[in-house]
Each structure stands twice: as C-alpha cells, then as structure tokens.
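The values are calculated or read from the model by the stated rules, or taken from the named source; none is laboratory data. Predicted model, so just to flag it, every value in this text is computed and none were measured. Cβ placement follows ideal geometry from the backbone for every residue including glycine, while neighbour counts extend to all protein chains displayed. Each accessible area value is taken on the protein alone, full model and side chains, heavy atoms only, with ligands, DNA and RNA left out. Shrake-Rupley method; radii C 1.70, N 1.55, O 1.52, S 1.80 Å.
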Amino acid sequence: MAEVLTVNMNRKPVYDIQITDSFDELSEKIKSIGLEGRKTFVITDDTVEPLYADPLKQELAKVCSEVTVYAFKAGEKSKNLDTVRDILRAMVEAHINRSDFVTALGGGVVGDVAGFCASIFMRGIPVVQVPTTLLAQVDSSVGGKTGVDFDDFKNMVGAFKMPALVYINTSTLNSLPGRLFYAGMGEVLKYGLIMDASFYEWLIDHMYEIHDKDKAVLNEMVLTCCSCKQKIVERDPFETGDRALLNFGHTIGHAIEKYKGFELLHGECVALGCVAAAFISWKKDKLSMDEFYEIRDMFVPFNLPISVDDLDPEKILELTRSDKKNTTDEGVRFILLKKVGKAYIDKNVSDDEILAAIEEINFTEEDRKA
Ligand SMILES: NC(=O)c1ccc[n+]([C@@H]2O[C@H](COP(=O)([O-])OP(=O)(O)OC[C@H]3O[C@@H](n4cnc5c(N)ncnc54)[C@H](O)[C@@H]3O)[C@@H](O)[C@H]2O)c1
Ligand SMILES: [Zn+2]
C-alpha cells in the first residue's frame, strides 16, 4: 500500500516521500536513490531506539556496508549545539565519510538535529528522514528545514538541508502516546483549514477511523498532508512568500507555548492559535460567525484545546509582537482565513483585534465561576 510523492524544485525531482506501513521497502528505496553500499549513521533518541532501531537496522543492513546507531536523550532540551558536537564526534569515530549518509529515526527533534548534522558534516552528506511522530510525518520531515535551539531562541541556528528521501512508516504511530498523536492532529487540521476544504471535510468524516488509527485512513491522511506541504515547499522553498501560510495558528500559538513554559505541546498551542486566528478572521468579516464556531468546535473531537487557563492577554500580545518569525519591517504578519481551505497573509491586524482573540481562548476565574 505504499504511495510515493516526488518533491520537485525548479521542475526537477529532488526527493521522494514514500508513505507505507512498515520498514520493508526502505532498502529497495535506498538502492533506487543510489546510496547502496554506503555506510549509514542512524541518529535517534533513547525513547525511539528500543522501539525501532533494530528493525530499521536489519532493513538498512541489506544494502548498507555498515550501520551505526547513535541515540541521544529524548526531548526538546537535547536540541542544541552540545548534542550536535557529540554526534559529530561519534560520526568521526565511526569513520563516516563524504560518500556515506545519515538516517534520522525519530520525531521532529531527531529530524532537525540529524538533518543539521548531515548538512555540516564534511560540508554536507545526504540524510534520509524516517519520521516516527505524527508531527514529523506530516510536517517537519518534509521541506528541508533543520537546526537547533540556541540559548533561549527556538530553531535559531540551522540550515536548509533537503533530504535524499523521506520514508514514512505510519505503523510507528501505534506506539505514540495519545497526547502526542492528537498534538500532531493540530497540524493536520491546519492543512485542511489553510488549503484544502475537501480534506477538512474528509477528516471530519473519518474522525472515528483516525481515533482507531485505521491503517488505510492514517496512510491517506499523512499522504494528503505531505502533498499539501510539498505543494507549498515547491512554490516557496526558502520561505520568501507563500510558505508563511503554514504558520497559520502559529503566531499566537508560539506566544502561548512560550508563556506557558512549554507545558502545552506545540500542536495543542497551534490549535489554540488557529481558534484565535479564525476569531480575527470572523471579526474582519472574512468568516461568518457560524463558520468560526464550526472551526473552533472541530478541534474538540480531536482532543485538542480551544481554551486555556489564565492567559495574560497583554503578555501574549507582547510575545506575539516580539516573535521574529512573524514580524517584518511593516509589523506582524498574520495568517487568516477567507474561508475553510483558503488562507491569506494579513499585515493589518490591530492590537485590539489580537487582544480580543486572546480573550476568546482565555479561560479565567470568572469563566470558572459561571
Ligand atoms: N523542520 C521543520 O520544518 C519543523 C516543523 C515543525 C516542527 N519542527 C520541530 O519538531 C520538534 C517537535 O517534534 P515532535 O513533536 O515530533 O517531538 P519529539 O521529536 O521530541 O518527539 C516527541 C516524543 O515522542 C517520542 N517518540 C517519537 N516517536 C515515537 C514513537 N513512534 N513512539 C513513541 N514515542 C515516540 C520521542 O522520543 C519524544 O520523547 C520541535 O523541535 C520543532 O521545532 C520542525
Ligand atoms: Zn507547527
């Protein structure tokens, strides 16, 4: 049941995204991209290693001359230059050279760190992305953004490193804790909202199969998300224009993530940010009131929050305004909706509109009494 998408740049194929439900086709795929006979350095984390390193290693050993596995401590705290240095050292010790390649096995943290190591080791060696979280499968493994956090700044140091291949085994989602799975659904719903109304309807129609992690449904869902991301990345690989649409829900979402000290997961904050952005779209008469409430309420069956306790609206506004990613010389770049399936960039969102949107998702002492 494998499906393949090819990502093109300047009309030339650059890499394939293979979506399937086992590791069984990986060795053939490695062969087909000309990496047969090389050594590979598998980078993973200490949660994913005991789950999937062995089956992956067995599959890679069919076509690679040597497979070395390196695991670092799981979690965002490891996404830094110290981890990068430790990995580069281990790569030198394993005699990895320019003709070899990195395999990234794990979630977005592993993909970003491993992709970055591959981009700088000996001025760059290929990387094969094997994402194992829903967020990584539908978002971070595709598009070539890699990097690490630096001091207090997320993703501050990094490089664009297009993968040689993205190989998605959706059966790895079976071991993913529920909360992480649903956090990934925040990004999935986002694709529907910004660019594909019929996919959004499909998600609603297949809600129960998604909860049950039905194989065929998960594969189709991941395929559609990858194809959405592929389209945007092909149009704007280095985020000079349309790629910003992917930041729908991220402007206020990132501010909440920071304000709450990362106690909420990224996808949960994205859901809250999507509700806030849809609210602003309603207030700007782009969406009707009914459309706003429908969008808001659709996060609930996917176990995502639509309100959060005790936000300080002024602080969230300040964090929104200081997020470099959303800010241009002209002010904050907001991604809003014209309708379900159609997003646009709006540079004229006022502080009052942002504050009203934050109040909409804020669950305060008064709400508790009511
Ligand atoms: N490069 C990009 O374009 C891009 C886009 C979005 C997000 N990101 C980055 O992705 C990161 C978040 O990714 P994430 O949510 O995947 O986090 P993560 O990589 O930390 O994974 C979350 C947790 O799940 C565990 N895990 C991974 N796969 C598992 C599985 N199959 N079964 C059980 N446990 C598993 C991990 O060990 C980890 O503890 C952030 O650092 C973010 O900046 C990058
Ligand atoms: Zn995101």
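Worth a mention:
- Fraction of accessible area attributable to carbon and sulfur, segment 3-175 (%, probe 1.4 Å): 48
- Solvent-accessible area of segment 234-312 (1.4 angstrom probe, protein heavy atoms only): carbon and sulfur portion equals 48 percent.
- With Cα atoms, 0 to 90° folded angle of helix 351-361 axis to the chain main axis: 80
- Expressed to the nearest 5 percent, the antiparallel share of DSSP beta bridges inside segment 3-175 is 35 percent.
- Integer Hz, Karplus 6.51/-1.76/1.60 couplings in order for segment 176-193, x for Gly and Pro: 6, x, x, 4, 5, 4, 5, 4, x, 5, x, 6, 4, 4, 4, 4, x, 5
- Of the whole protein surface, Met195 contributes about 50 Å² of accessible area at a 1.4 Å probe radius.
- Under the Karplus curve 6.51 cos²θ - 1.76 cosθ + 1.60, θ = phi - 60°, whole-Hz ³J(HN,Hα) for segment 152-167, x wherever Gly or Pro sits: 8, 9, 6, 6, 6, 10, x, 8, 7, 9, 5, x, 7, 6, 10, 10
- Calculated Rg and Dmax of segment 178-369 using C-alpha coordinates, Å: 15.9, 50
- Between Val300 and Arg98, the distance separating the two model label sites (each 7 Å from Cα on the Cα→Cβ line) works out to 6.0 nm.
- Karplus 3J(HN,Hα) series, Hz, for segment 214-225 with 6.51 cos²θ - 1.76 cosθ + 1.60 (x for Gly, Pro): 4, 3, 5, 5, 4, 4, 5, 5, 5, 4, 5, 4
- A Cα-only calculation for the chain places Rg and Dmax at 20.5, 67 Å.
- Residue pairs exceeding 18 angstrom between C-alpha atoms, taken from Lys161/Lys190; Lys154/Lys260; Lys77/Lys154; Lys39/Lys145; Lys57/Lys161; Lys39/Lys62: Lys161/Lys190; Lys39/Lys145; Lys57/Lys161.
- Helix 81-93 vs. the chain, principal-axis angle (Cα, 0 to 90°, nearest 10): 10
- Long-range HN-HN contacts of Gly249 with modeled amide H, under 5 Å: Ile335
- Shape parameters for segment 87-182, alpha-carbon atoms, Rg then Dmax in Å: 13.6, 40
- Solvent-accessible heavy-atom area per residue, rounded to whole Å², over segment 3-175 at 1.4 Å: 42
- DSSP bridge orientation in the chain - percent antiparallel, rounded to nearest 5: 45
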